[in-house]
1. State the percent of C-alpha pairs, over all pairs in the chain, separated by a distance greater than 31 angstrom.
2. If amide hydrogens are placed 1.01 Å from N in the peptide plane, which non-local residues have theirs closer than 5 Å to the one on VAL368?
3. Under unit Cβ charges (Lys, Arg +1; Asp, Glu -1), what dipole magnitude, rounded to 20 debye, does the chain have relative to its Cα centre?
4. Any of LYS118/LYS212; LYS108/LYS242; LYS97/LYS377; LYS242/LYS377; LYS97/LYS118; LYS118/LYS242 with alpha carbons more than 22 Å apart? Name them for me.
5. Just the accessible area per residue of the chain, please: how many Å² with a 1.4 Å probe?
6. Taking every alpha carbon pair in the stretch 55-155, what does the distance histogram look like in 5 angstrom bins from 0, in percent?
7. Net charge near SER295, counting Lys/Arg +1 and Asp/Glu -1 over other residues with Cβ under 10 Å of its Cβ?
8. With everything on Cα atoms, drop me the angle between helix 323-337 and the longest principal axis of the chain, reported from 0 to 90° to the nearest 10.
Amino acid sequence: MPVEILRCRLCGSDYPARASATCIRCFGPLEPVYDWEQIARVVSRERIEAGPYSLWRYADLLPALPPPDAASGPGFTPLLPAPRLASALGIGELLLKLDLANPTHSFKDRVVAVAAAKAQEFGLETLSCSSTGNLANAVAARAAAIGMRAIIFCPSELEPEKILATVVCGARVYGVRGSYDDCSRLVSELAGEVDWGFVNVNLRSYYAEGSKTLAFELVEQLGWEAPTAVVCPIASGALFSKLWQGFEQFGRLGLIGSERPRLYGGQADGCPPVAAAFTENRRVSPVRPHSIARSLAIGNPADGDLAVATARISCGGISAVPEDEVGPNMALLAELTGVFGETAAGVTIGALRAAVSRGEIGESDRVVALITGTGLKTPRVVEEEAAGRFVEIDPDLDALLAELTVAS
């Protein structure tokens, strides 16, 4: 639904709904202001269920008009039961939200879909971003689909799989010598010099709204009920805080009852600014990233404090997952569910295991773990776990039987 006002989440200041994302008074994040009376008059379970099988079925709760290809858009990804992993961890019910089923195999397709639609409404011709990889893929792919130019900035040492998946869509990619935070700072400066749509800078107010659709889908896929807990990775903190906002908005409209899930987040301990702030009960302080989970390696997260507040208000938590457990967690997920998630998934499973070990999640819970990207983008992380499972043999039955006897 088109919006006319952006409001600061911290100080409440209002601004016109333009390509702007930061409050000039307190530097807080801006977000769209919706006409809830109007929305309540039109939104219903039946209206949503009649919509396209994409995130645009929730267009009445998004700040952009659906594009012509809304029916083929991202979203409405599978929710997969994981009984073997649930049993191994001691959880009553565990489901995996497979956002690796989106067009570029990560949840970033959701946020980019909304930002790109808004960029077109503003008449912009270039789509851009700073990225740790998944966002680069999503921006390049969406720009290719709608005929926009894509210019991407990422750390020069990004995984080659993610760079290749970006340039193959026709995007121009600049590898910045430095960390993601160096890259982000450069792009923020550039945004003041060129008339482009930077999805996670001047379009961030609209872009972040796409994350709410994960909460909307979970409720709908669970028969219009909320789970008791949701676990997800934390990078900038926007996904985590917008999840809560999504559940709250469905509650506000009477689409669900008073139940709300506890939200649990995870960061790798090589870049844990939000986890540290939660544990130490303080505001988020920047850190220098040094993590195997590069997609989460944001040392100065824009919505870190909002993520901490979300964990507290939802009675959840945020954990720092040891770096040497990320790969084994990815392997555990794959071995017990058949789902190969990227490093962020290894962090998510680590956060889930930490919550179980603290007694915060258990046999009475219905838990959803968000798998936000595919392991095919970060395969090297699990090489050690996979070692010895590929055996080269001759095309000889007797030799094969002998080998099978030894292996058993």
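1. Working: 29343 of 83028 pairs.
Roughly 35 percent, once rounded to a whole number.
2. LEU95, ALA229, VAL230, VAL231
3. The calculation lands at about 1340 debye.
4. Values: LYS118/LYS212 16 Å; LYS108/LYS242 14 Å; LYS97/LYS377 18 Å; LYS242/LYS377 25 Å; LYS97/LYS118 26 Å; LYS118/LYS242 18 Å.
Violating the 22 Å Cα-Cα cut-off are LYS242/LYS377; LYS97/LYS118.
5. Details: 17370 Å² over 408 residues.
Counting only protein heavy atoms, the per-residue value for the chain is 43 Å².
6. 2, 13, 20, 20, 16, 10, 8, 6, 4, 2, 0
7. Result for the local shell: +2.
8. Long axis of 323-337 versus the principal axis of the chain: about 80 degrees.
The values are calculated or read from the model by the stated rules, or taken from the named source; none is laboratory data. Here the structure is a predicted model, which is why all the values come from computation and not from measurement. Every residue, glycine among them, receives a Cβ derived from its backbone with ideal geometry; neighbour counts consider all protein chains shown. Surface accessibility is based on the protein's heavy atoms, side chains included, excluding ligands, DNA and RNA. Shrake-Rupley method; radii C 1.70, N 1.55, O 1.52, S 1.80 Å.
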